[in-house]
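A.B. asks: Could you have a look at this structure, given as structure tokens, before my questions?
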Amino acid sequence: MGFPLLTSLLLCPTLALLVILATPPARAGFVRWTSLVSSAVALVLSALLWARYDAGAGGLQFTELVPWLPDVGITWHMAVDGYGVALLMLNSLVYFAGVLTMWDLAERVKEYFAFMILLVIGVYGVFMTQDLFLLFFFYEIAVVPMYPLILVWGSTRKEYAAMKLMLFLLAGSALLFPALLAIYHEAGLGTFSLVELAAHTFDRDFQLFVYPFVYIGFGVLAGMFPFHGWSPTGHVAAPSAVSMLHAGVLMKLGAFGVLAVGVRLLPEGAVYWAPLFAGFAAVGVVYGAFVALKQTDFKFVIGFSSVSHMGVVLLGLNLGVMGVAAADAFNGAVFQMFAHGIMTALFFSTVGFIYDRAHSKTIADFGGLGSQMPRAVSIFIVAGLCGAGLPGLASFWPEMLVFLAAMKTMPLVGVCVIAGLVLTALYVLRVFETAFFGPPNPRWKDLPDLRGWELLPRGLLVAVLLFFGFYPRAMLDLIGSTTQLLAAGF
Amino acid sequence: MDPTAITLATTFVPFLAFAVALLFFMRQPVVAKAIVLAGGLVSVAGSLVLLAGGPREPVRFLWFSSGDVTLHFGFIYDGLSLAFGAVVALITLCIQTYSVGYMAKDPAQTRFFAMLGLFGWAMLSFVYAVDLLQSFIFWELVGLASFFLIGFWYEKPAAAAAAKKAFIMTRVGDVGLFIGILIILNTVGMFDIPGLLDPETGLRAQVSPGMLTLVMVLVFVGIMGKSAQFPLHTWLPDAMQGPTPVSALLHSATMVAAGVYLFARLNPLFMASEATLLTVLCISTVTALLSSTIAMVERDIKKVLAYSSISQLGFMLMALAAGGFFAGVFHLITHALFKALLFLCAGSYIHHCDSMEIEEIGRRGGRKMRWTTAGLLIGGGALAGIPPLAGFWSKEEIFAALSHNGAMVFVAAAFLAALLTAYYTFRMIFLILLPASEEHHGDAHGHGHDSPAVMLGPMMLLAAGAVLAGFGGGWLARLLDVEREHHTLLAMLPAIGVVALGIAWAWWDFGRRSAARTGLVARVRPLHTLFVNKWYIDAFYAAVVARLTDLLASFFHTVENKGLDDGFDGAARGFVESGWLTARLQSGWVQSYAGTAVVMFALFGIYLGLR
Amino acid sequence: MTLTAYLLTGLLLFSLGLITVLSRRNQIAILVGTELMMTAASLNFLAFNRFTALDPVVGQIVVLVIIGLAAAEVSIFLSILMVLYRSRHSIDVEEMRELKG
């Protein structure tokens, strides 16, 4: 066991959290800098993981194994495959950009960053652990801080949104927890280790029965149609950086959970249920796009676009399980998690900026914003075009891969979701036309544009989108070997 | 030098220029212009060097692979790409130069030039792409550049709406193309264009004829969107909201030609599918005729040109679908030259006369701008097909191709379209040249003075092209490696006759001294109404397609809010309500509690007693 | 007199007390009701003591405890009532429903 990179990555925000808790609330500057430093270090560590991960060999690497509660078989088992590395990187990027986005926060700074970092810790934990118990543990850690974050720092019906979000996610957990315990008992190995559980073949009937619990339990967090309602409302109510983490990373936890627990441990169940869930996901893709077309609030548009794009992820997962074009579908799903994460983070970071200055999120309130804040608008346009699946930006590749698999597996579904691209373009361009183009609204003539360091987080995310848009190999090489192992099972 | 490096320079330098200009020189338009022009110059030099080198083997590099998909990035060097690449680079540079004069007073000109650079990159990369998916990527990026350029004056609501419309309508076509490409990949397992074209191992050998037809029709749907064919043509006239150089570059010479180019690229595959060819022939014929009729009554000079572009694109596709590969490509190239010229002339008029109305330009003395008017005459003549200008030769090829392979109805339609083309072109020319009345108010707007040299230079270059390109047919045929028939003067007579008839008709309606200057169509009320309203196609879209989309969106929105949201809220409220139900037992009245306790004890006692 | 007669008297007393407790709204009356019930219990003890007990002292001790307890209870109950009356100007149980769900 070499240097425990993964634990260090987890400890980095944890230390920051402890320091922040010990800081007097008045010293807001210190709190900000502590968060920034921890996020920068985490970013460097994630980059290191990416660089040192041997994609050729594939499989789980950087393994750390320390028995924790041996009596019940809980182990501090940290290890990542290609998917984990990509998603850890995503989390670090969004964390870093999120801290910078909230730099100007003035209200209860200490508490805000403490909760946000707690959320980040939970996400890191889920992505790196190979222990079912720890996975659930970190999963809950990641979910719960959303409630105070929305309730205290939110806007627009925040009590309703926070409560709705909490109820949906806890309902998901309520489905999940018994399912996980059932898996533990059914295997009878006395261990929570995902690696050992994955080696065990569960009884077919058991798989068929338990898989929907796992899929829907995690799926709720992934914005699965029709249990997505919490997500747009939550997006709208949450402060910008929380929306970034929420849409950018938290929703990926759900899809990752389906993959890491559902597909990996219960493959037969996954195969059995895949056509149905693929259908739901496809409906989600088109449905989200249609609903986004009717929204009047910036954040609602993005919220429903997330439903639509996460539909692509879930569609990819299910198509992968169906096995006709498994590698393409899994690659597409995971790549889409990453691309969508960066893209929505960029969206919310920019909308947050506009909202902080203008105190309005209503699309119709604006108009001609392009001449007022050209930089912010340009960045939003980049994110929007990425959402519309334009080549040259990261989202194009995963969408293409998933659509390809869809055409191969379920041609009719494929045609429908591809036709959805027109709708995507339509709702994105509608926002451009109404808010950014047209005669400038004199009401906003004093709004300042992005400048100086404010460009840093947004610029970073734009650069990431462009990089993967032009050089998808960077991602596909990383996740390819993991996909091969996974796809071999279907 | 290594052709790969040259191609990389040709395609990528404009992108570099775009990025550098936009990121670093937003406030120094002069530097930005210089950078973009330099980039354009590099492209021209590169494409000419490649052209001089002649056709050679394509090159490919691995871009990425995922599962079954292996995507290559590479360049193809056959006669088609070399010739069209050079034309694109040349016209792009011409128009960039012209824009230096045209956009001189625009405060946001850096953005304009940057976007021209972006467009040059996307278009050239599309032309040289060896891989179908690579083509698709740049095809989309061309559309993106078009979106930004049409919406350049985004503060005008009409421009913003036009940009959106163009993007969405081409997107509709692109969905078809994308599905087609994915089907190709799923059946053949590759995107490589030369590989797909191979008669032994390519697409034809591997899929059933029915499948081939399906795929090619889907690809043609993409072409319909991009090349503005009926019924997806209505975005192009609206796109005239963009600055005129944009119309010249994108909506006549290059971007809209991309569809025709793609057809030519995949020509052998289209040729293998009879049903597709018939579809293409029908649609392109309808397009050519329909748009000509609208051009006959249109008052806006740019829109006349836009409709004529649609009509000429229909012409090219007719030729290609009838098996006239050479005729189609030849017309593609000549049309690029003379239509760009016409748009630049139109821009020059608009610049000086502050109006887009043809009659207004005539009234304000547009004809006094000698060089521009000369350009208009050459371009218009080429468009109408007056020998020996470029358009005549290529159109003649098209007639020949159609009469060889098409049914008589298509030949007749082509002649009719050519007649209408000559008519509306010379309607425009006569209205400018021989206005019914003329304003004489000194020289307040600089009327009578022509545009600056930086604008006239490119126009003259294109005019030279429009005159001379017609004689390059033999050379082009050799480059494309196709047989070209020799046409006798006798065979050319019908073509000449049609043009003469069209011009004479236009003279009767608009030219002669006592002409009413309203046109024949205006005297036939129903027809006039139909043409002026553009055959009600836009109205149909607004009334049916747009409303249908809106209805569906409203429906889903209602499902979301009233169905799902209220449903879940209702469920949550149900739980709370059921809580209240049990809470009502908790009356707070001690005596009722005590009574309950007594009753329960009594019941328990009775139970114990009975046991 | 037989044991049954004593027990029936006790039952009557107890029932009267219970009805008073459950139905009266005045807390003083309720207190009287509880006293009646305790008297009934005492009567039962004494009756069983007289007819069946092995050691007659036990029942009498219990009754003495009950009387003492009742005295203590009355004093505490009345003092609570005083406080309640002072704060609410009423000793009606119907009005004391703060535990209502």
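A.B. asks: Restricting to the range A:275-287, and then to whatever is of a type in the set (A, V, I, L, M) and crowded, with 23+ Cβ neighbours inside 10 Å, can you tell me which residue is farthest from A:Ala199 (Cα to Cα)? Steps first, answer last, please.
C.D. replies: We begin by selecting, within the range A:275-287, every residue of a type in the set (A, V, I, L, M); these are A:276, A:278, A:281-283, A:285-286.
Filter again for crowded, with 23+ Cβ neighbours inside 10 Å, leaving A:278, A:281-282, A:285.
Working: A:Ala278: 26, A:Ala281: 29, A:Ala282: 31, A:Val285: 34 Å.
Among them, the one singled out is A:Val285.
Residue by residue, here is whether (1) more than 10 Å from chain A (Cβ to nearest Cβ); (2) within 21 Å of B:Leu185 (Cα to Cα); (3) of a type in the set (A, V, I, L, M) holds:
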position: B:Ala122; (1), (2), (3): no, no, yes
position: B:Val127; (1), (2), (3): yes, yes, yes
position: B:Leu132; (1), (2), (3): yes, yes, yes
position: B:Ser135; (1), (2), (3): yes, yes, no
position: B:Lys165; (1), (2), (3): no, no, no
position: B:Ile168; (1), (2), (3): no, no, yes
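A.B. asks: Can you tell me how many residues in the range B:542-562 are within 25 Å of the chain's Cα centre (by Cα) and among the basic types (Lys, Arg)?
C.D. replies: The number of residues fulfilling the criteria is 1.
A.B. asks: Can you tell me how many residues within the range A:69-89 are in contact (Cβ under 8 Å) with a residue 24 or more places away in the chain, in a strand (DSSP E or B) and aliphatic (A, V, I, L, M)?
C.D. replies: Keep residues of the range A:69-89 that are in contact (Cβ under 8 Å) with a residue 24 or more places away in the chain, which gives A:72-89.
With the extra rule that they be in a strand (DSSP E or B), the set shrinks to A:74-80.
Among the residues that remain, those that are also aliphatic (A, V, I, L, M) are: A:74, A:78-80.
Of the residues in the range A:69-89, 4 are in contact (Cβ under 8 Å) with a residue 24 or more places away in the chain, in a strand (DSSP E or B) and aliphatic (A, V, I, L, M).
A.B. asks: Go through the residues of the range A:338-359 one by one and say whether even a single one is within 9 Å of another protein chain (Cβ to nearest Cβ), out of contact with any Ser or Thr (no Cβ under 9 Å at 6 or more places or on another chain) and surrounded by fewer than 24 Cβ atoms within 10 Å (Cβ to Cβ).
C.D. replies: Among the residues of the range A:338-359, not one is within 9 Å of another protein chain (Cβ to nearest Cβ), out of contact with any Ser or Thr (no Cβ under 9 Å at 6 or more places or on another chain) and surrounded by fewer than 24 Cβ atoms within 10 Å (Cβ to Cβ), which makes the answer no.
A.B. asks: Next question, about the same structure. Does B:Thr518 satisfy the condition of being hydroxyl-bearing (Ser, Thr, Tyr), out of contact with any helix residue (DSSP H, G or I) (no Cβ under 6 Å at 6 or more places or on another chain), modelled with pLDDT of 80 or more and surrounded by fewer than 13 Cβ atoms within 10 Å (Cβ to Cβ)?
C.D. replies: Answer is no for this residue.
A.B. asks: Just name the residue that is most open to solvent (accessible area, probe 1.4 Å) out of those in the range A:382-396 that are more than 10 Å from chain B (Cβ to nearest Cβ) and assigned to a helix (DSSP H, G or I).
C.D. replies: Applying the filter and picking the extreme gives A:Val382.
A.B. asks: Does B:Val142 meet the test of being open to solvent by less than 20 Å² (accessible area, probe 1.4 Å), touching a helix residue (DSSP H, G or I) at 6+ places or on another chain (Cβ under 7 Å) and closer than 30 Å to B:Ala453 by Cα?
C.D. replies: It is true that B:Val142 is open to solvent by less than 20 Å² (accessible area, probe 1.4 Å), touching a helix residue (DSSP H, G or I) at 6+ places or on another chain (Cβ under 7 Å) and closer than 30 Å to B:Ala453 by Cα.
A.B. asks: Look at the range B:279-300 and say how many of its residues are farther than 24 Å from B:Ile333 by Cβ, in a helix (DSSP H, G or I) and in contact (Cβ under 8 Å) with a residue 40 or more places away in the chain.
C.D. replies: Our first condition is that a residue be farther than 24 Å from B:Ile333 by Cβ; within the range B:279-300, this holds for B:279, B:282, B:286, B:290, B:293-294, B:296-300.
If we keep only those that are in a helix (DSSP H, G or I) as well, we get B:279, B:282, B:286, B:290, B:293-294, B:296-297.
Add one more test, that the residue is in contact (Cβ under 8 Å) with a residue 40 or more places away in the chain, and what stays is B:279, B:286, B:290, B:293-294, B:296-297.
The number of residues fulfilling the criteria is 7.
A.B. asks: Quick one: is B:Pro237 more than 22 Å from B:Asp78 (Cβ to Cβ), open to solvent by 20 Å² or more (accessible area, probe 1.4 Å) and either more than 14 Å from chain A (Cβ to nearest Cβ) or hydrophobic (A, V, I, L, M, F, W, C) (or both)?
C.D. replies: Taking the combined requirement at face value, the residue does not satisfy it.
A.B. asks: Further question: What's the number of the condition C:Ala53 fails, among (1) assigned to a helix (DSSP H, G or I); (2) over 30 Å from B:Ala583 (Cβ atoms)?
C.D. replies: So C:Ala53 meets the others, but not (1).
A.B. asks: All but one of (1) open to solvent by 10 Å² or more (accessible area, probe 1.4 Å); (2) at the interface with chain A (Cβ under 9 Å from one of its Cβ atoms) hold for B:Phe147; which doesn't?
C.D. replies: Unmet for B:Phe147, out of (1) open to solvent by 10 Å² or more (accessible area, probe 1.4 Å); (2) at the interface with chain A (Cβ under 9 Å from one of its Cβ atoms): (1).
A.B. asks: Related question: Show the residue pairs meeting these rules: Cβ distance below 6 Å; 6+ apart or different chains; first residue within the range B:490-513 and under 16 Å from B:Gly381 (Cβ atoms) and touching a residue at least 24 places away in the same chain (Cβ under 8 Å); second residue part of a helix (DSSP H, G or I) and open to solvent by 40 Å² or more (accessible area, probe 1.4 Å).
C.D. replies: Note: pairs meeting the criteria are B:Val498/B:Phe415.
A.B. asks: Can you pull out every residue in the range A:34-50 that is over 22 Å from the mean Cα position of the chain (by Cα) and open to solvent by 30 Å² or more (accessible area, probe 1.4 Å)?
C.D. replies: A:Val37
A.B. asks: Given the options A:Asp81, A:Asp104, name the one that is acidic (Asp, Glu), open to solvent by 10 Å² or more (accessible area, probe 1.4 Å) and in contact with a helix residue (DSSP H, G or I) (Cβ under 6 Å, 6 or more places away or on another chain).
C.D. replies: A:Asp81
A.B. asks: Exactly one condition in (1) open to solvent by less than 10 Å² (accessible area, probe 1.4 Å); (2) closer than 19 Å to B:Ile35 by Cβ is false for B:Arg111; which is it?
C.D. replies: (1)
A.B. asks: Another one. Which ranges mark the helices (runs of 4 or more DSSP H) fully within the range B:543-611 that have 2 or more residues being more than 23 Å from A:Ala292 (Cα to Cα), within 14 Å of chain C (Cβ to nearest Cβ) and open to solvent by 80 Å² or more (accessible area, probe 1.4 Å)?
C.D. replies: So the answer is B:566-583, B:590-610.
A.B. asks: So if I check each of C:Ser79, C:Ser75, C:Ser15, which one is assigned to a helix (DSSP H, G or I), within 13 Å of another protein chain (Cβ to nearest Cβ) and within 26 Å of B:Ser592 (Cα to Cα)?
C.D. replies: C:Ser15
A.B. asks: Would you confirm whether any residue within the range A:364-381 is away from every other protein chain (no Cβ under 13 Å) and touching a Cys at 6+ places or on another chain (Cβ under 6 Å)?
C.D. replies: No, because not a single residue in the range A:364-381 is away from every other protein chain (no Cβ under 13 Å) and touching a Cys at 6+ places or on another chain (Cβ under 6 Å).
A.B. asks: Sticking with this one: For the range A:397-490, which helices (runs of 4 or more DSSP H) that fit wholly inside it have 3 or more residues that are within 9 Å of chain B (Cβ to nearest Cβ) and closer than 22 Å to B:Gly222 by Cβ?
C.D. replies: Answer list for the range A:397-490: A:411-431.
A.B. asks: Could you pull out the residue among B:Leu16, B:Leu50, B:Leu93, B:Leu23 that is over 27 Å from A:Ser378 (Cα atoms) and either open to solvent by 20 Å² or more (accessible area, probe 1.4 Å) or in contact with a Pro (Cβ under 7 Å, 6 or more places away or on another chain) (or both)?
C.D. replies: From the options B:Leu16, B:Leu50, B:Leu93, B:Leu23, the qualifying one is B:Leu50.
A.B. asks: Another question, then. Can you say whether A:Gly303 is within 21 Å of the chain's Cα centre (by Cα), part of a helix (DSSP H, G or I), of a type in the set (Gly, Ala, Ser) and closer than 24 Å to A:Ser378 by Cα, as far as the supplied structure shows? Write out each step before concluding.
C.D. replies: Values: within 21 Å of the chain's Cα centre (by Cα): yes; part of a helix (DSSP H, G or I): yes; of a type in the set (Gly, Ala, Ser): yes; closer than 24 Å to A:Ser378 by Cα: yes.
So A:Gly303 fits the description; yes.
A.B. asks: Whether any residue in the range C:39-46 is buried (at least 17 other Cβ atoms within 10 Å of the Cβ), part of a helix (DSSP H, G or I) and within 13 Å of chain B (Cβ to nearest Cβ) is what I want to check.
C.D. replies: Looking through the range C:39-46, none of the residues is buried (at least 17 other Cβ atoms within 10 Å of the Cβ), part of a helix (DSSP H, G or I) and within 13 Å of chain B (Cβ to nearest Cβ).
A.B. asks: Against the condition open to solvent by 70 Å² or more (accessible area, probe 1.4 Å), among the basic types (Lys, Arg) and within 14 Å of chain B (Cβ to nearest Cβ), how does C:Arg97 come out, does it pass?
C.D. replies: yes
A.B. asks: Out of the helices (runs of 4 or more DSSP H) lying entirely within the range A:153-259, which hold 2 or more residues that are touching an Asp or Glu at 6+ places or on another chain (Cβ under 6 Å)?
C.D. replies: Working: elements: A:158-187, A:194-199, A:204-221, A:230-237, A:240-245, A:251-257.
Hits in the range A:153-259: A:204-221.
A.B. asks: Can you tell me which of B:Met123, B:Met103 is more than 30 Å from B:Ile179 (Cβ to Cβ) and open to solvent by less than 10 Å² (accessible area, probe 1.4 Å)?
C.D. replies: Result: B:Met103 is the single residue among B:Met123, B:Met103 that is more than 30 Å from B:Ile179 (Cβ to Cβ) and open to solvent by less than 10 Å² (accessible area, probe 1.4 Å).
The values are calculated or read from the model by the stated rules, or taken from the named source; none is laboratory data. Not measured: the values here are computed from a predicted model. In this analysis, Cβ positions are derived from the backbone assuming ideal geometry, glycine residues included, and neighbour counts consider all displayed protein chains. These area figures cover heavy atoms from the full protein model, side chains too; ligands, DNA and RNA do not enter into them. Shrake-Rupley method; radii C 1.70, N 1.55, O 1.52, S 1.80 Å.
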